[in-house]
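Here's the structure, in structure tokens; my notes come after.
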Amino acid sequence: MAGGSNNVARMSPRQRMINLMYIVLTAMLALNVSSDVLNGFSQVQAGLQKTSENLTSKNEAQYRYLQLLYDAHPQQVGPWMQKGSEVRKRTNDLYAEIENLKIDIARKADGRNADYRNLINQDDLEASSVMMLNPTTRRGENLRKKLDAYRTFILKHIDDPDKRKAVENLLSTSVKAQQGTIGPSSWEQANFENMPVIASITFLTHLQTNLRQAESEAMSNVINTIDMGEAKVNQMSAYVIPRSTMIMSGGRYEADIVLAAVDTTRMPRVFVGGREIPGGKYAFNASGLGNHDFAGFIEVLKSDGSSSKYPFKSSYTVIEPMATISPTMMNVLYAGIDNPVSISAPGVPMEAISASITSGSLTRSGNGWVARVSAVGQEAEIKVSANLEGRTMALGSMKFRIRKLPDPLPYIAYKDGSGSIQHYKGTPRRLSKGALMSASGLGAALDDGILNITYQVVSFSTVFFDSMGNAIPENSAGSNFSARQTEQFRRMKVGKSFFITNIKAKGPDGITRDVPPMEVALN
């Protein structure tokens, strides 16, 4: 609508109506609250409600402990029991009042059967203002005043300066001036005026959570400052003592959850195996695989100079540092040979592990296992289990493909100048005539760094060429060079070569196979 009043005057009635509808639509969109925002408030409300319930349970545990101390020492604990009871009552009263406000706001938005945990009209912008800012009932103002009074009361029961400051900020009703507003705004106006119902309910739940947090700090301070004459308790801590911190899926987790109270002015002394442990921190470098036990006692000094001893015992398990790395494409067992297999489970002693195989045999060998299979082309599955706490638990399984051993490569064994055995495997390398003459025969093996298996050469042939280029074959009925082959070696000139062909070798799997030929070239 740029251009001034003259442009407006020149507009047709239809255009003016369109512009007016546009302005009204824009205003309606500005008042509409995004459903994503409302859903976000619902999620926050549910989370805060759960937190508030958890804090309530925690505080009830502290009250029960205070009651136990009072029952055992009514005269000594009486003053602290009175303080704890007052904290509990003041907190519960204000908590309940806020709960009623949440119910009334929800009913104003959804009717008498409303449930603030499942609001229907979440975007209602009037219900909160009507209930909390009504000048007749002044429920918002009254809530602020009661919150201020509670804050003053609860801070008297918290001695630690840092915790006092944190609780004071937690329950503060001060309001910062909002940008663009004229004049000061009250706490109740800032939090309830023109607010969607779900936002107001969430805010009130947040207030309840803050009350429980403040109550927890106050109760901790009350309990920590109890003086029963015989033993002053000024520090309490909760501990979870598990039977084991390493649990497999399906295993049983057991732990003792305890509340420990100590007098930091007379710290107990801890002894393990007759030796005092400074500060009670028992630490050492573990050695020796398997289960180990230890025992000792805690000595607590009394105010009369005597002491009490409280025995304890525990155990731990030492395992090897390990990592299991399995290349999926290499899950292969070779038929006819011993296949070493490593089986381990973190946190489980080696002696508790058992394993079986579906095809062939699997036997324990030291800290490892040996698998023997024969059904080439099939699969074998290794299943692992462990005996834990008197029952057998499956730990997992893995399938392996059963393959025939690969064909070996031929070689000529000879001694080098230092007397070490070397393997000549053919061209492009060359072999000296002296080394050839010292060799006794032909060998075959797999020595690729993964499999190191020796084969027995059954037979082979050599092929020499005379000056006319004619092939002269010589056969050997075993692994050794025959006399005729050795004579041919003697006649060869430096720089010449010959071939070893028709090689047959028998592997440890009992299979005789053809081995690729090789060319031998002399220096």
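The values are calculated or read from the model by the stated rules, or taken from the named source; none is laboratory data. Keep in mind that what you see is a predicted model, and the values were worked out from it rather than measured. A quick note on method: Cβ atoms are made from the backbone with ideal geometry, for glycine too, and the neighbour counts reach across all protein chains shown. Each accessible area value is taken on the protein alone, full model and side chains, heavy atoms only, with ligands, DNA and RNA left out. Shrake-Rupley method; radii C 1.70, N 1.55, O 1.52, S 1.80 Å.
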- By the mean-Cβ-within-10 Å protection proxy, highest first, 307-313, 98-104 rank as 98-104, 307-313
- Item | Amide H within-cut-off set for T501, under 5 Å, with H built and near neighbours excluded | S461, T462, V463
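Relative to the Cα centre, what is the charge dipole magnitude of the stretch 54-175, using +1 at the beta carbon of each Lys and Arg, -1 at the beta carbon of each Asp and Glu, and rounding to the nearest 20 debye? If you can, show how the numbers build up before the last one.
Working: 21 positive and 18 negative charges, 60 e Å.
Taking the Cα centre of the stretch 54-175 as origin, the dipole is about 280 debye.
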- Message: Given an 8 Å cut-off on Cα distances and at least 6 residues of separation, report the relative contact order of the stretch 362-439 as a percent.
- Response: 19
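Give, rounded to the nearest 20 debye, the magnitude of the charge dipole that the stretch 394-461 has about its Cα centre when Lys and Arg contribute +1 at Cβ and Asp and Glu contribute -1 at Cβ. Can you show the working numbers first?
Working: 9 positive and 4 negative charges, 37 e Å.
With Lys and Arg at +1 and Asp and Glu at -1, about 180 debye.
Using 0.36 nm per residue of separation minus the Cα-Cα distance, give me the extension gain between A483 and Q67 in nm, one decimal. Could you put the intermediate results ahead of the total?
On the way: separation 416, 0.36 × 416 = 149.76 nm, distance 10.46 nm.
Stretched out fully, the A483 to Q67 stretch lengthens by 139.3 nm.
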- Hey, got the dipole for the stretch 122-166? About the Cα centre, +1 on K and R Cβ, -1 on D and E Cβ, debye to the nearest 20? 360
- Message: Taking 0.36 nm per residue of sequence separation and subtracting the Cα-Cα distance, how much length would be gained by fully extending the chain between T225 and I120, in nm to one decimal?
- Response: 33.0 nm
- For I277, list long-range residues whose amide hydrogen, built 1.01 Å from N in the peptide plane, is under 5 Å from its own amide hydrogen. V270, F271, V272
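Within 14 Å, Cβ to Cβ, of V373, how many net charges do the neighbouring residues add up to if Lys/Arg are +1 and Asp/Glu are -1? List each step's numbers first, then the result.
Working: positive: R372, K399, R401, R403, K404; negative: D338, E379, E381, D509.
That works out to +1.
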- Gap separating the Cα centres of the stretch 493-523 and the stretch 388-458, nearest whole Å: 15
- Query: Can you run phi through the Karplus equation (6.51, -1.76, 1.60; θ = phi - 60°) for the stretch 453-469 and list ³J(HN,Hα) in whole Hz, with x for Gly and Pro?
  - Reply: 10, 9, 10, 9, 6, 8, 6, 6, 10, 10, 10, 10, 10, 7, 5, 8, x
- Query: Karplus couplings for the stretch 376-385 from phi (6.51 cos²θ - 1.76 cosθ + 1.60, θ = phi - 60°), rounded to Hz, Gly and Pro as x?
  - Reply: 4, x, 9, 10, 10, 10, 9, 10, 10, 9
- Using θ = phi - 60° and Karplus 6.51 cos²θ - 1.76 cosθ + 1.60, couplings along the stretch 42-53 (whole Hz; Gly, Pro as x): 4, 5, 5, 4, 4, x, 5, 4, 5, 4, 4, 5
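Work through the residues other than T512 whose Cβ is under 15 Å from its Cβ and net out their charges, Lys, Arg +1 and Asp, Glu -1.
Numbers: positive: K404, K504, K506, R513; negative: D407, D509, D514.
That sum, taken over residues with Cβ under 15 Å, equals +1.
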- Of L119, A109, P79, farthest towards positive along the dipole that unit charges on Lys, Arg, Asp, Glu beta carbons give the stretch 44-155: P79
- Item | Sequence-distant residues sharing a close amide H with K496 (under 5 Å, placed H) | L522
- E168: accessible area at probe 1.4 Å, nearest 10 Å²? 80
